[in-house]
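Just below is one structure, and these are the notes that go with it.
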Amino acid sequence: AKRAYTRTKPHLNIGTMGHVDHGKTTLTAAITKVLAERGGAKYVPFERIDRTPEEAVRGITINISHVEYETADRHYAHVDMPGHADYVKNMITGAAQLDGAILVVSGQDGIMPQTREHVLLARRVGVEHVVVALNKADGADPELLDLVELELAELLAEQGYHDVPMVRVSGLRALAGDPEWTASIESLLRAVDEHVPVPVRYTDAPFLLPVENVLTVTGRGTVVTGAIERGTVRVGDTVEAVGLGGGFTAVVTGVETFGKTMEHGEAGDNAAVLLRGVRREQVRRGQVLAAPGSLRAYSRFRARIYLLTTAEGGRSTPIATGYRPQFYLRTTDVPGRVELDTATSALPGDTIEAIVDLGKPVALETGLGFAVREGGLTVAAGTVLTPLV
Ligand code: GDP
Ligand code: MG
């Protein structure tokens, strides 16, 4: 039988972000290794984080890796993403609902373009708390590290992140078992424990889980995984699949987290929900599981949209009615058409109101955030003002 998950500590979702090759995956592996020695984690080696076995076997793109660990005070689910595009997609769509982020910056290289972009992105998607891991501190010139810290403080303050703890670490040396750098990982975790508060969870709201992945478990049926956005779910509950033309209700026959059974899953948990009598093809990424009747799918809505400036990575030219980018909402992305409200065109840097027509119906509600991308670039971020029928 499977082990049960006992909720003895507050649970938080965190993740690494930062420029490619600055050591996010190495640091993630090092954290599990250091905590494994204290009974707070199962060691997950670099190769397991960077390329999950499922990916190799089933050939599907899993662009987000979760590891779990515990400090003395907390249980963490930690996400690490392989590439820059995965950050943009998973952070803006809310697939990675981060209560706090570890910004990994190589002390040997300093601030790089994706460092800047991830800080901006964190601010846009509402990540309230950041801790800096000044990585590759082994072999780095201490004066250079001082300088990088000053520049980072300035960059973070520009985005409203003040008094951010910065810890000099070496993921690589900690992985190698070096005591000095093992201690640096412990300092980093202490900073996360102290600096990132336990968030308020909406456990009393109707259940909602954006579908990230769907798997078939032989002999048990179809399992849907994702981070519970709000509410709670327990065995015996009826849930409804909403969006992308899907629409069925099913009874929950199991709830798990990281392979352990749960009495109930609640907002903030990364959960696997087993559904009775549902075929693999009936449910897919981009739909949501919700308390029946609590949410509807729409393909038209009024939105407020901020067009990123060229400096923020956005467009260099205006948009007009008829503009057709890709819309990223929760775990889905669908093409859509923009109809400007009043003006004939809008420039990068403008905030506009517009009507959006999506190519497919998606579970929507007032206040839902979304990203707009084209040609591999995030060009705008918006909020649903009113769903329209
Ligand atoms: P990511 O792209 O941010 O996930 O970076 P990786 O974890 O894949 O690391 C990129 C490269 O930097 C690899 O060759 C690592 O071995 C190296 N690296 C990572 N952490 C450290 C560190 O603390 N010190 C040194 N010297 N190298 C590191
Ligand atoms: Mg990586």
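Annotations
- Residues of the range 165-221 that turn out to be within 30 Å of GLY246 (Cα to Cα) and of a type in the set (S, T, N, Q), as a count: 4
- Of everything listed in (1) open to solvent by less than 50 Å² (accessible area, probe 1.4 Å); (2) in contact (Cβ under 8 Å) with a residue 60 or more places away in the chain, the single unmet condition for ARG201 is (1).
- Flag set for THR257, criterion: closer than 26 Å to ASN13 by Cα, polar (S, T, N, Q) and modelled with pLDDT under 95.
- The range 292-306, residues that are within 18 Å of THR331 (Cβ to Cβ) and surrounded by fewer than 22 Cβ atoms within 10 Å (Cβ to Cβ): SER294, LEU295, ARG296, ALA297, TYR298, SER299
- Answer from VAL44, VAL88, VAL105, VAL67 - the residue that is crowded, with 17+ Cβ neighbours inside 10 Å, modelled with pLDDT under 90, within 16 Å of ligand 2 (Cβ to nearest atom) and not charged (D, E, K, R): VAL88
- Of all residues making up the range 227-251, the number that are part of a loop (DSSP other than H, G, I, E, B) and surrounded by fewer than 15 Cβ atoms within 10 Å (Cβ to Cβ): 2
- Positions within the range 1-25 being among the polar types (S, T, N, Q) and within 19 Å of the chain's Cα centre (by Cα), in sequence order: ASN13, THR16, THR25
- Single residue of the range 4-23 satisfying the filter (open to solvent by less than 30 Å² (accessible area, probe 1.4 Å) and within 15 Å of GLY100 (Cβ to Cβ)) that is farthest from ligand 1 (Cβ to nearest atom): HIS11
- Here LEU208 meets the list (1) under 16 Å from ARG280 (Cβ atoms); (2) buried (at least 19 other Cβ atoms within 10 Å of the Cβ); (3) under 25 Å from the mean Cα position of the chain (by Cα) almost entirely, failing just condition (1).
- Exclusive hit being open to solvent by less than 40 Å² (accessible area, probe 1.4 Å), within 18 Å of the chain's Cα centre (by Cα) and of a type in the set (A, V, I, L, M), set LEU120, LEU145: LEU120
- One residue stands out among those in the range 10-27 that are in contact with an Asp or Glu (Cβ under 6 Å, 6 or more places away or on another chain) and either under 12 Å from ALA77 (Cβ atoms) or part of a loop (DSSP other than H, G, I, E, B) (or both): the one that is farthest from ligand 2 (Cβ to nearest atom), which is LEU12.
The values are calculated or read from the model by the stated rules, or taken from the named source; none is laboratory data. Since this is a predicted model, take the numbers as computed values, not measurements. Positions of Cβ are generated from backbone atoms using ideal geometry, with glycine treated the same way; all protein chains shown enter the neighbour counts. SASA here: full protein model, heavy atoms, side chains in, ligands and nucleic acids out. Shrake-Rupley method; radii C 1.70, N 1.55, O 1.52, S 1.80 Å.
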